[in-house]
Amino acid sequence: MIAMGPLETGKDELPSHEGESEVLMPKGAEAAKSPLSVIPCGNGSRVVAAQALWLALSVILFSGGLLAVSFFPPTHDCSPAATEEDLAYQKCSNHGIYDTLGSTCLCFDCFEGDSCETAIPANSTDCVIDAAGGNPNIFEEYWVAHPEAGLTILPSEHIGYGDKLGCDKLALENGGFRVPESIALESRCDLLAEAIRQLHKEVGNADADEWHIVPGVGSSELIDAALFAWGRELQSQDTIRVTSKPPYYNGYPSAVSFFQGLAKFEWVQAEDLGASGQGHQAIEFITSPNNPDGVIRSQSVPNSLPVFDFAYQWPHFTGVSKSLLDQVASSNGIALFTLSKVSGHAGTRIGWAMTQSQSLAESVHDYVGTSGAIPRESQHRALKILKHMSTTDYEILRLARREMQSRWEQLTDIFKDSKCFSVQARGAAVLDEYTKETALPSPAYLWLSCPSFGVGSTCFDFFLSRGVKGKPGELFGAETGKYVRFQLLMRGQTFEILAEKLRSLDLNDCP
């Protein structure tokens with residue numbers, strides 16, 4: 001793993017910490033054997049000194065092969081809550097995380113036992129790295145180190161129905177518990193929408209001041225909501241075609257299949273529409289950076305009704321720019337974002353749609369409301385997380401950016417001489433307006449091309465038989481057997497085992 005020191009955040013000093021207690025710190029694979037598992041608490045200068053000592057000793061121990069270091073440096077306070085939360089890893093031998101509800105350890109890949117104390121050798125067939133999904137566990141260590149961003153909600157709060165946090169009074173005046181989207185934008189009463197607006201402004205990936213922001217229950221619901229909104233706009237008796245240029249996120253065809261029995265939606269391949277779109281307007285999903293290959297995309301179907309999926313438009317994946325929404329505005333389209341890829345809180349189920357069209361915004365809001373609306377507790381948690389990120393100058397994004405770039409450096413080196421597998425092209429270096437750095441993109445997924453493989457001997461099967469589980473490329477519209485996708489958002493320990501496994505393979509042994 002990578003040892004990283006505290007980052008410059010533009011703040012004059014770290015917040016002071018009262019008391020002289022000690023905090024147990026979670027570390028990497030061998031942390032339990034390290035004297036650095038105890039970090040002294042005190043005022044700001046003591047914390048800075050402890051972090052400097054942590055960095056220096058980490059480098060020494062890492063160079064000797066004695067320590068696998070967390071890429072998130074210690075920045076703890078000394079509250080009782082912090083002390084208890086730090087045990088999340090310690091209780092599970094630093095190879096798992098403690099589930100307080102189930103009172104059990106959830107072991108990381110290739111570790112087992114009641115307290116995850118047993119390592120499964122990386123070269124064993126029982127050691128399988130699951131890189132098929134997209135669980136953003138890369139952020140977990142940061143949040144374990146920051147329990148102050150936790151949330152307590154009184155049992156008396158939110159008895160009864162409600163829609164947007166901060167809009168309850170206007171909702172009552174409107175004669176119900178929901179506020180029309182036009183009123184929410186004009187009054188700026190929606191606390192979550194305003195926090196999202198601030199997030200985009202401070203990170204620099206969108207100027208959303210005059211845009212409708214409609215939160216939903218994760219981006220999956222908003223994909224459905226976007227289809228519903230465009231379907232309502234068209235009011236067509238004909239079948240509405242939906243497409244995306246391959247390779248595409250496999251959730252788009254699934255959403256169309258869900259609606260097919262209820263409405264006239266049909267998934268078609270982009271090339272089948274032809275240059276003219278066959279005389280019909282089509283709804284086009286444009287993922288940028290793309291899932292699975294990280295390519296920056298724009299509309300490819302003439303006169304399409306666009307839904308821009310910007311789930312990965314954050315500094316740890318690509319350079320961001322305030323001009324991002326220009327293409328959405330020029331096409332009068334819809335843009336989608338999700339909290340899961342910016343903070344890791346996938347289970348909170350918060351995403352948001354952005355559009356300048358009031359009618360589209362109202363339709364998205366109607367769909368979200370009809371399907372149950374967003375739980376108030378999820379809105380509260382998202383607000384607390386976004387506030388923490390803002391007050392810490394988005395340190396989490398800087399750390400994640402550095403870690404993703406390191407992972408891509410390792411992967412590029414592993415596959416550079418392979419005759420059987422090709423890593424996707426990452427394009428040219430891009431200026432990131434948030435960090436002011438110019439660097440190659442660091443996509444969330446590794447998209448491998450395997451030209452010598454096929455139906456009888458697939459790329460997916462090759463890696464699975466060697467303990468690395470990905471996702472077959474055909475799920476993304478690619479040629480059967482010749483592509484595989486691996487997610488790169490796993491924990492640091494897990495990525496190190498993944499890299500070790502890949503280095504041990506004969507990548508020139510083509511079928």
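The values are calculated or read from the model by the stated rules, or taken from the named source; none is laboratory data. Everything numeric here is computed off the predicted structure, so don't read it as measured data. When we count neighbours, we look across all protein chains shown, and the Cβ atoms used for this are built from the backbone with ideal geometry, even at glycine. The area values use the complete protein model at the heavy-atom level, side chains included, leaving out ligands, DNA and RNA. Shrake-Rupley method; radii C 1.70, N 1.55, O 1.52, S 1.80 Å.
Scanning the range 110-133 for residues that are touching a residue at least 60 places away in the same chain (Cβ under 8 Å) and buried (at least 21 other Cβ atoms within 10 Å of the Cβ) yields Cys110, Ile129, Ala131. The residue list Thr391, Thr494 contains one member that is open to solvent by 10 Å² or more (accessible area, probe 1.4 Å), at pLDDT 95 or above and of a type in the set (Ser, Thr, Tyr), which is Thr391.
Just name the residue that is most open to solvent (accessible area, probe 1.4 Å) out of those in the range 191-213 that are under 16 Å from Thr355 (Cα atoms) and in a loop (DSSP other than H, G, I, E, B). Here the residue is Glu210. For the range 437-488, the candidate set comprises residues that are in a loop (DSSP other than H, G, I, E, B), among the charged types (D, E, K, R) and out of contact with any Cys (no Cβ under 9 Å at 6 or more places or on another chain); within that set, the residue that is farthest from Ser321 (Cα to Cα) is Arg466. Within this structure, Ala400 fails the test of being open to solvent by less than 60 Å² (accessible area, probe 1.4 Å), in contact with a strand residue (DSSP E or B) (Cβ under 7 Å, 6 or more places away or on another chain) and either under 28 Å from Asn205 (Cα atoms) or touching a residue at least 12 places away in the same chain (Cβ under 8 Å) (or both). Being under 30 Å from His95 (Cβ atoms), open to solvent by 50 Å² or more (accessible area, probe 1.4 Å) and of a type in the set (A, V, I, L, M, F, W, C) is a description that applies to Leu151. Listed by first and then second residue, the pairs with beta-carbon distance under 7 Å, at least 6 apart or on different chains, first residue in the range 499-511 and within 17 Å of Gly467 (Cα to Cα), second surrounded by fewer than 12 Cβ atoms within 10 Å (Cβ to Cβ), are Ser504/Asn123.
Residues of the range 253-267 that are open to solvent by 60 Å² or more (accessible area, probe 1.4 Å) and either of a type in the set (Gly, Ala, Ser) or touching a residue at least 12 places away in the same chain (Cβ under 8 Å) (or both): Ser254, Ser257, Phe258, Gly261, Lys264, Glu266. Restricting attention to the range 293-319, the residues that are under 28 Å from Ile374 (Cα atoms) and not aromatic (Phe, Trp, Tyr) total 8. Checking each residue in the range 431-490 for being open to solvent by 30 Å² or more (accessible area, probe 1.4 Å), closer than 30 Å to Ser390 by Cα and either touching a residue at least 12 places away in the same chain (Cβ under 8 Å) or in contact with a helix residue (DSSP H, G or I) (Cβ under 9 Å, 6 or more places away or on another chain) (or both) picks out Leu431, Glu433, Glu437, Thr438, Leu440. Counting residues in the range 167-176 that are open to solvent by 20 Å² or more (accessible area, probe 1.4 Å), acidic (Asp, Glu), out of contact with any Cys (no Cβ under 9 Å at 6 or more places or on another chain) and assigned to a helix (DSSP H, G or I) gives one or more.
Just so you know, in the range 242-252 the residues that are of a type outside the set (D, E, K, R) and touching a residue at least 40 places away in the same chain (Cβ under 8 Å) include one that is most open to solvent (accessible area, probe 1.4 Å), and it is Tyr249.
Scan (1) in a helix (DSSP H, G or I); (2) within 28 Å of Asp109 (Cβ to Cβ); (3) more than 19 Å from the chain's Cα centre (by Cα); (4) not aliphatic (A, V, I, L, M) for the single condition Ser406 breaks and write down its number. Looking at each condition in turn, Ser406 falls short on (3). Looking across the range 208-243, the residues that are under 21 Å from the mean Cα position of the chain (by Cα) and of a type outside the set (A, V, I, L, M, F, W, C) come down to Pro215, Gly216, Gly218, Ser219, Ser220, Glu221, Asp224.
When residues in the range 374-392 are screened for being within 14 Å of Ala149 (Cα to Cα) and not in a helix (DSSP H, G or I), 1 of them pass. Please tell me if Ala193 is at pLDDT 90 or above and of a type in the set (Gly, Ala, Ser). Judged against the criteria, Ala193 is a match. Residue pairs whose Cβ atoms lie under 6 Å apart, sitting 6 or more positions apart in sequence or on different chains, and linking a residue in the range 313-335 that is at positive phi to a partner that is in a loop (DSSP other than H, G, I, E, B) and modelled with pLDDT of 95 or more, are Asn332/Ser357.
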